[in-house]
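Notes to accompany the following structure.
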Amino acid sequence: PGLRGKLYPFQSIGVSFIESKQGRALIGDSMGLGKTIQALAWLQLHPEKRPAVIICPASLKLNWEEEIQRWMERRPENIPQVLSGTKPSGGFIHGKILVINYDILHAWTEKIQKLHPQVIILDEAHLTKNRKAKRTKAVNIIARNAPHIIGLTGTPITSRPVEFFNTLHLIDPTLFPDFWSYAHRYCDAHHNGYGWNFKGASNTEELHQLLTRTVMLRRRKEEVLQELPSKIRSIIPIELTNREEYKLAEEDFIAWLQTTGKMKAGRNIQALAKIEYLKQIALKGKISQCIQEINDFLEVEGKLIVFAIHRNTISTLMQEFKEIAVKVDGSVTKEKRQEAVQAFQNNPNCKLFIGNIKATGVGLTLTASSNVVFLELPWTPGELEQAEDRAHRICLLYTSPSPRDLSTSR
């Protein structure tokens, strides 16, 4: 009640699953199926369970804030607050739903503890894999007495069981009481002569069956395709790492507009060049996080199509993913272009197709993937639609700077 949007049937089942587990569950759906929305819907179902603390990677904090404001009823118990910095001594906590990243959690542990949080949501829950790490220790302290803990991850547990012991133990301590027995049963634990190695996987089918009978719900995209529309578009805001550089360029552009006059500037080729310059600075400030997002996706979901505009962007991606990627841009000959398409379509080791929107937006069939990322957006919507239609069925991921950082060219 009060949720500002309609859930797909499988998402409603996810909320029901969390409810059936009394708010202690792991949602392991594939990327793009709305794990965030399912967690927020459960929070909406229980306005009395506050404060709630959402712990996530730094790059996803703004996304969580936007999704809370988009989906949840606008009431006092749903006010979000994003916590930042490692010096919280003067920070005033006023939100009922707190969003904080793993890397600074240790600095806020004492303050958050005093609030007696009722719900802890661990986004990308596998990031608590290292029990000795500062972030994991902070999570354990904050979550120790929380009545409700919801883990979210798209990473299959059966491939890296060691990364999930801490989360599973937090959600249900009775399921796996100690790491030693868990590691020997499911992590192929063995002594290599120097120490114990827990990086393997063993008895994975047993682990999968045990988890799905108890705390975990996992759906892959192909299992729920009939419930999905032909295209899903998502915007993922990313905070710029070069905020000051962008701000200076933006202020310079605004000053130029004020001097030139907006009407005159609107017909000026120099104005377009300045906007392009802003877009390139924004890309520079988000490219490292975009690369990390692509890595995370490929690790779990298979193949991916990435579209960009500028040559430097494509070159940077190819340098990073040269072992598993092909590219098509204006420099690629017709013969090489077809070879790249065939490799992406037919070679299981070719995971990534990187294309210039103008060079690859039409005439190509890239049905080996149903997922498309736009790192840079073209000037016209038509080019965008033509490019996304290279894939047969698309879960479309737009990666763009935060509106706070890129107000001019968003």
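The values are calculated or read from the model by the stated rules, or taken from the named source; none is laboratory data. As the structure is a prediction and not an experimental result, all values here were calculated from the model. Don't worry about glycine lacking a Cβ; one is built from the backbone with ideal geometry, like all the others, and counts go over all protein chains shown. Keep in mind that these areas ignore ligands, DNA and RNA; they rest on the heavy atoms of the full protein, side chains included. Shrake-Rupley method; radii C 1.70, N 1.55, O 1.52, S 1.80 Å.
Of all residues being open to solvent by 20 Å² or more (accessible area, probe 1.4 Å) and not polar (S, T, N, Q) in the stretch 336-358, which is nearest to ILE305 (Cα to Cα)? Just the residue, please. I'd like the intermediate steps shown before the answer.
Here is the first cut: in the stretch 336-358, the ones open to solvent by 20 Å² or more (accessible area, probe 1.4 Å) are 336-339, 342-343, 345-349, 351, 356, 358.
Now drop any that are not not polar (S, T, N, Q), which leaves 336-337, 339, 343, 348, 351, 358.
Values: LYS336: 17, ARG337: 15, GLU339: 16, ALA343: 13, PRO348: 14, LYS351: 9, LYS358: 14 Å.
Only one residue tops the list, namely LYS351.
Taking the criterion of being more than 15 Å from ILE141 (Cα to Cα) and without any contact (Cβ under 8 Å) to a residue 12 or more places away in the chain, the residues of the stretch 77-119 that qualify are SER89, GLY90, PHE92.
Taking the conditions (1) charged (D, E, K, R); (2) under 23 Å from VAL215 (Cα atoms); (3) crowded, with 18+ Cβ neighbours inside 10 Å; (4) more than 20 Å from the chain's Cα centre (by Cα) in turn, GLU19 satisfies each one other than (3).
Quick check on the stretch 124-141: of everything there that is touching a strand residue (DSSP E or B) at 6+ places or on another chain (Cβ under 8 Å) and open to solvent by less than 10 Å² (accessible area, probe 1.4 Å), which residue is modelled with the highest pLDDT? Break it down stepwise before answering.
Taking the stretch 124-141 and keeping what is touching a strand residue (DSSP E or B) at 6+ places or on another chain (Cβ under 8 Å), we get 124-125, 128, 139.
Those still in the list that are open to solvent by less than 10 Å² (accessible area, probe 1.4 Å) too: 125, 128, 139.
Details: ALA125: 93, THR128: 91, VAL139: 97.
Looking at residues that are touching a strand residue (DSSP E or B) at 6+ places or on another chain (Cβ under 8 Å) and open to solvent by less than 10 Å² (accessible area, probe 1.4 Å), I get VAL139.
Looking at the stretch 202-216, can you tell me whether even one residue there is at pLDDT 85 or above and in contact with a Gly (Cβ under 7 Å, 6 or more places away or on another chain)?
Start the filter on the stretch 202-216 by keeping residues that are at pLDDT 85 or above, which leaves 202-216.
Within this subset, residues satisfying the condition of being in contact with a Gly (Cβ under 7 Å, 6 or more places away or on another chain) are 216.
Checked the stretch 202-216: at least one residue is at pLDDT 85 or above and in contact with a Gly (Cβ under 7 Å, 6 or more places away or on another chain).
Taking the stretch 321-335 as the range and being touching a residue at least 24 places away in the same chain (Cβ under 8 Å), open to solvent by 60 Å² or more (accessible area, probe 1.4 Å) and farther than 10 Å from ILE354 by Cβ as the test, only GLY330 passes. Scanning the stretch 41-60 for residues that are open to solvent by less than 20 Å² (accessible area, probe 1.4 Å), under 23 Å from LYS114 (Cα atoms) and out of contact with any Pro (no Cβ under 7 Å at 6 or more places or on another chain) turns up LEU43, ILE54, ILE55, CYS56.
Going by the structure shown, is THR241 more than 23 Å from VAL99 (Cα to Cα) and open to solvent by 20 Å² or more (accessible area, probe 1.4 Å)? It is false that THR241 is more than 23 Å from VAL99 (Cα to Cα) and open to solvent by 20 Å² or more (accessible area, probe 1.4 Å).
Taking into account only those residues within the stretch 287-302 that are in contact with a helix residue (DSSP H, G or I) (Cβ under 7 Å, 6 or more places away or on another chain) and modelled with pLDDT of 90 or more, which is nearest to PHE321 (Cα to Cα)? The qualifying residue nearest to PHE321 (Cα to Cα) is ILE291. Taking the stretch 160-232 as the region of interest, the helices (runs of 4 or more DSSP H) fully inside it that hold 2 or more residues being among the aliphatic types (A, V, I, L, M) and either open to solvent by 60 Å² or more (accessible area, probe 1.4 Å) or in contact (Cβ under 8 Å) with a residue 12 or more places away in the chain (or both) are 165-171, 204-213. Taking the criterion of being farther than 28 Å from ARG220 by Cα, open to solvent by 30 Å² or more (accessible area, probe 1.4 Å) and assigned to a helix (DSSP H, G or I), the residues of the stretch 289-320 that qualify are ARG311, ASN312, SER315, THR316, MET318, GLN319. Candidates GLN81, GLN69: the one that is more than 23 Å from LEU26 (Cβ to Cβ), touching a Gly at 6+ places or on another chain (Cβ under 9 Å) and open to solvent by 20 Å² or more (accessible area, probe 1.4 Å) is GLN81. When LYS286, LYS279 are screened for being of a type in the set (Lys, Arg), within 19 Å of PHE253 (Cβ to Cβ), under 19 Å from the mean Cα position of the chain (by Cα) and surrounded by 15 or more Cβ atoms within 10 Å (Cβ to Cβ), only LYS286 passes.
Within the stretch 84-104, the residues that satisfy the criterion of being within 23 Å of HIS46 (Cβ to Cβ) and either aliphatic (A, V, I, L, M) or open to solvent by 70 Å² or more (accessible area, probe 1.4 Å) (or both) are ILE93, HIS94, LYS96, ILE97, LEU98, VAL99, ILE100.
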